[in-house]
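Undergrad: Sharing a structure with you now.
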Amino acid sequence: MRFQSSSVGYPKQEYPLTIFLEPTASTIVFGCPGIPRSIPRIETIIHIRTANGSSFMIRSVSIVLITRQKVTVPAKLGSTEAFKEFKIYEDPLAFRPMNGFSQHVLGVDLPVMIPVPKDIIPSGYSPTLGASTTHYLAIKVVTGETSGVEASYIDTFPIVIKTYDTLPLYRQFNEPVVEQHKSQDNQVLAEVIVPVTSVGPGDDLDLHCKLSTNSANNKVKKHLATKQVTFQLKEYLECFDGGLPPKKENKLYTKTSQLNKEINTQGVTEHFSIKFPQLNDNLEVYYDPEPYIIENEVFVDNDTTIVESTNIATHKTIERIPEGLPITHLQSYTVSGKFYSIKFELILKIKLSKAKDFDIHLPLTVCPFDRKSSSNLLKWIMHECEVAKARFGREFIDQFFSAGNYDAICTLMNRYKLPPVVYKNCKEDWIKLGFAGDQFGDCDMKNLVSYID
């Protein structure tokens, strides 16, 4: 996405600059966001070139990392969209000429190393709630010999950021949660046990409930009974903007058990077990591939010629998704943001006879990754932590982990930022950019290759 602006009195010209990131086959987000000891960071090189090979006067380059949260609210005539953008990182002078107001150059290579905040919101989209979060790297290049003839060029690049701090395999999410709740009249005691508190798409979700009379109450009524117990799983969208509804809920699952049993001190036990809703199977990209054996599918016959080829049944067709969204984050999961938050709850509605009905609400953490994919991701996270230790050192990691604010983290990372590479308006740098040496200064010539180091 490109924008161009100019000062008053300076005529707009055809877009002369090309701003692009270092080509790579992998993501430019290194480390594991949400895991500070892996030193999560955005690391790339910004290339600034002219579209026709001509030189230009550069004044400054600024970099901004932006988080954009958007909510789509259904209306009678179509739908309305509300969004808000937050600046996570900003460097207004990522590059400036060493001497003078501007510099005559053929191009600039600007290394970038931006630390990812600990509380970053992961990129994703919830189709049931119409909420999405995307991240963009905005680059602004200011050109011109003087302030009176300056021109600004802005380009934005979507950055996919996934966090790994809520994986269902972590120990803190596998310790059973036990809670006791009383009815309002203090007659019935409910003990609820949730074995795991973080689940992913398709994971098993269990809940145990035991209803008994309150032995601490000396005035317990006789013939107390439970009529029914309803188990519900809900997701909530909480919006923090005046133009949006403050809360929106969506029921993902409900089940009602008709008990009609008398309650005593021994108690009545009920167990609920479901699989968390799964909208797609895109998490299979993290699974270990199963070996394909063609003999299991083709009848062996000596008179039949078998042509072995790739198994097209294992190939998947995925619908086109908006830029900046990972294919694994296309359903709801726990999000805590400044514009909106998504939360999940387990609800038990208990109806009683000769006692007051009451409800129990239990928070639940939903992770974009399931337990099966988390097992492979956990190995990768441990590897990234070792890679970070080898590159940055234990002392730096301890300082990064204990940093009090994001500005302190940025100051720590600046010591590892490489200096920019400036291609001056000379024949030597002209050849470095891939142009023919005998055609130096010919603006109509195209470079032989995209880049030569």
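Undergrad: By how many degrees, 0 to 90 and rounded to 10, does the Cα axis of helix 371-392 deviate from the longest principal axis of the chain?
TA: 40 degrees
Undergrad: Lys/Arg Cβ at +1, Asp/Glu Cβ at -1, dipole of the chain taken about the Cα centre: which of Thr72, Ile360, Val141 is farthest positive-ward?
TA: Farthest towards the positive end: Ile360.
Undergrad: With contacts defined as alpha carbon pairs under 8 Å and 6 or more residues apart, what's the relative contact order of segment 7-162 in percent?
TA: 29 percent
Undergrad: Moving to a separate point now. Work from the charge dipole of the chain (Cβ charges, +1 for Lys and Arg, -1 for Asp and Glu, about the Cα centre) and give the residue of Gln439, Leu346, Val29 farthest towards its positive end.
TA: In the chain, that residue is Leu346.
Undergrad: Follow-up question, since we're still on this one. Find the Cα radius of gyration of segment 82-156, compare it with 2.2 N^0.38 Å by division, and give the number to two decimals.
TA: Values: Rg = 17.3 Å, N = 75, 2.2 N^0.38 = 11.3 Å.
Against the empirical 2.2 N^0.38 Å value, I get 1.53 for segment 82-156.
Undergrad: I would also like to ask the following. Could you work out the relative contact order of the chain, using alpha carbon pairs under 8 angstrom and six or more residues apart, expressed as a whole percent?
TA: Answer for the chain is 19 percent.
Undergrad: What net charge do the residues around Phe369 carry, taking every other residue with its C-beta under 14 Å from that of Phe369, with Lys and Arg at +1 and Asp and Glu at -1?
TA: Combined, the nearby Lys, Arg, Asp and Glu give -1.
Undergrad: Another one. Can you tally the net charge around Lys222? Count Lys and Arg as +1, Asp and Glu as -1, for every other residue whose Cβ sits under 10 Å from the Cβ of Lys222.
TA: Net charge in that neighbourhood comes out at +1.
Undergrad: Just report the Cα centroid separation between segment 16-77 and segment 267-289, whole Å.
TA: 35 Å
Undergrad: Under a point-charge model restricted to the Cβ atoms of Lys and Arg (+1) and Asp and Glu (-1), what is the dipole moment magnitude of segment 145-231 relative to its Cα centre, in debye to the nearest 20? Before the final figure, lay out the partial values.
TA: Values: 8 positive and 11 negative charges, 242 e Å.
Value, rounded to 20: 1160 debye.
Undergrad: How would you rank 425-432, 112-119, highest first, on the average number of other Cβ atoms within 10 Å across their residues?
TA: 112-119, 425-432
Undergrad: Compute the relative contact order of segment 191-283 as a whole-number percentage, counting only Cα pairs closer than 8 Å that sit 6 or more residues apart in sequence.
TA: About 40 percent, as a whole number.
Undergrad: Mind checking Rg over Rh on the chain, alpha carbons, Kirkwood formula for Rh?
TA: We get a ratio of 1.10 for the chain.
Undergrad: Excluding Gln232 itself, calculate the net charge of residues whose Cβ lies under 9 Å from the Cβ of Gln232, where each Lys or Arg counts +1 and each Asp or Glu counts -1.
TA: +3
Undergrad: Further question: Taking the Cα centre of the chain as origin, sum charge times position over the Cβ atoms of Lys and Arg (+1) and Asp and Glu (-1), and report the length of that vector in debye to the nearest 20.
TA: Approximately 2180 debye in magnitude.
Undergrad: At what distance in angstrom do the alpha carbon centres of segment 227-246 and segment 148-203 lie from each other?
TA: 15 Å
Undergrad: Another one. Tell me which of Ala82, Gly124, Cys385 sits at the most positive position along the dipole axis of the chain, charges placed on C-beta atoms (Lys, Arg +1; Asp, Glu -1).
TA: Projecting each Cα onto the dipole axis, the largest value belongs to Ala82.
Since every read-out is calculated from the coordinates, none of them should be taken as a lab result. Since this is a predicted model, take the numbers as computed values, not measurements. Methodologically, a virtual Cβ is constructed for each residue, glycine included, from the backbone with ideal geometry; neighbour enumeration extends over all protein chains shown.
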